[in-house]
Structures are given as structure tokens and as C-alpha cells.
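Q: Got a structure for you, written out below as C-alpha cells; questions coming shortly.
The values are calculated or read from the model by the stated rules, or taken from the named source; none is laboratory data. Please read all numbers here as calculations on a predicted model, not as lab measurements. Every residue, glycine as well, gets a Cβ built from its backbone with ideal geometry; the counts of neighbours run over all protein chains shown.
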Amino acid sequence: MENNCYNTGELKLAGSAALIEIISKIAIYYLHEGIWERITFREGDGIEQGRE
């Protein structure tokens, strides 16, 4: 889905949508990374291959 002033006719609305999208993607990224950081892998379960 593309939000821009050509679809909405409103530059403010398009800018607001773009800003909300950027902020929400950054927040989701850090939330995702925080969850992965808390997961502990046990030795021998085969998941830790390729990780140092």
C-alpha cells in the first residue's frame, strides 16, 4: 500500500502516514531484537549452529 500525496490529495496526511510508518517499523524492530536477545539456546538442540 502506498501512501503519498497523489493518492490522498493531502500532503500533510501523506507526511503523517509516512512518519507513523517509520516510527512504528523502528519500534517493532527493536522489540523483535529484544525478544531474540532474551532467548537462550541450550547446547545440543541444533539451533545454535552458525552462531558464535
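Q: What pairs come up if the first residue lies in region 24-52 and is acidic (Asp, Glu), the second is modelled with pLDDT under 90, and their beta carbons are under 9 Å apart, counting only those six or more places apart or on different chains?
A: Close Cβ pairs (under 9 Å, with a partner that is modelled with pLDDT under 90) amount to Glu48/Phe41; Glu48/Arg42.
Q: Starting from residues that are surrounded by fewer than 10 Cβ atoms within 10 Å (Cβ to Cβ) and either outside any helix (DSSP H, G or I) or hydroxyl-bearing (Ser, Thr, Tyr) (or both), keep the ones in region 1-29 and report whichever is modelled with the highest pLDDT.
A: Gly9
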